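In what follows, a structure is listed as structure tokens, so that the remarks can point back to it.
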Amino acid sequence: MSFQIHALPADSFAPLFELSDDALRGRGIRRVVADGRPVYPCRVSLQDAVEGETLLLLPHEHHAVDTPYRASGPIYVREAATRTQPGVDDVPALLRTRLLSLRAYDARGMMVWADVVDGAQVEAGIAQLFAIERVAYLHIHYAKPGCYACRVERA
């Protein structure tokens with residue numbers, strides 16, 4: 001089963017970088033500078049930030065559905081990020097190095113199933129969940145912190 005990973009669009013985040021730190025704090029957002037650890041995964045570029053890079057840590061509604069599974073959580077966005085568009089069946093490198101939570105939803109936004117996989121085995125996890133006929137799309141989360149990473153659709 002072929003799949004397509006989707007990053008978040010940069011457009012809605014770009015204007016936030018022009019706000020002052022006080023204005024950002026008023027929106028629950030923090031400006032941070034990467035310290036070189038691989039703990040700043042950008043949801044637009046699907047790349048880890050490098051040391052010295054500026055990012056925003058902000059709340060983001062990643063599952064805007066009218067069900068009990070409506071969800072939001074913290075995400076990082078790199079200031080210089082451009083939206084990545086992985087090819088069909090391509091997996092960005094930052095997903096390969098993390099423990100991932102795969103969450104499968106039906107077309108109404110109700111969770112059908114979930115699993116945890118090592119990033120090196122993400123294709124098998126995606127295939128297993130898409131083998132469930134009523135699964136319409138998946139969300140990938142970083143399993144340890146629980147944060148949203150990206151959306152996966154059938155290709």
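The values are calculated or read from the model by the stated rules, or taken from the named source; none is laboratory data. In this text the structure is predicted, and so the values were computed from the model without any measurement. FYI the Cβ positions are ideal-geometry reconstructions off the backbone, even for glycines, and counts take in every protein chain you see.
Couple of notes before you dig in:
- For the range 94-106, a residue qualifies if it is assigned to a helix (DSSP H, G or I) and over 11 Å from PRO41 (Cα atoms), and exactly one does: ARG96.
- Checking each residue in the range 97-129 for being aliphatic (A, V, I, L, M) and crowded, with 17+ Cβ neighbours inside 10 Å picks out LEU100, LEU102, ALA104, VAL117, VAL122, ILE126, LEU129.
- Residue in the range 84-92 that is surrounded by 13 or more Cβ atoms within 10 Å (Cβ to Cβ), of a type outside the set (Val, Ile, Thr) and not in a loop (DSSP other than H, G, I, E, B) present: no
- Just one residue in the set VAL88, VAL44 is over 15 Å from the mean Cα position of the chain (by Cα) and modelled with pLDDT of 95 or more; that residue is VAL88.
- Residue match in the range 121-138 (condition: closer than 16 Å to ARG43 by Cα and in contact with a helix residue (DSSP H, G or I) (Cβ under 9 Å, 6 or more places away or on another chain)): yes
- Of all residues in the range 81-107 being without any contact (Cβ under 8 Å) to a residue 60 or more places away in the chain and basic (Lys, Arg), the one that is nearest to ILE140 (Cα to Cα): ARG103
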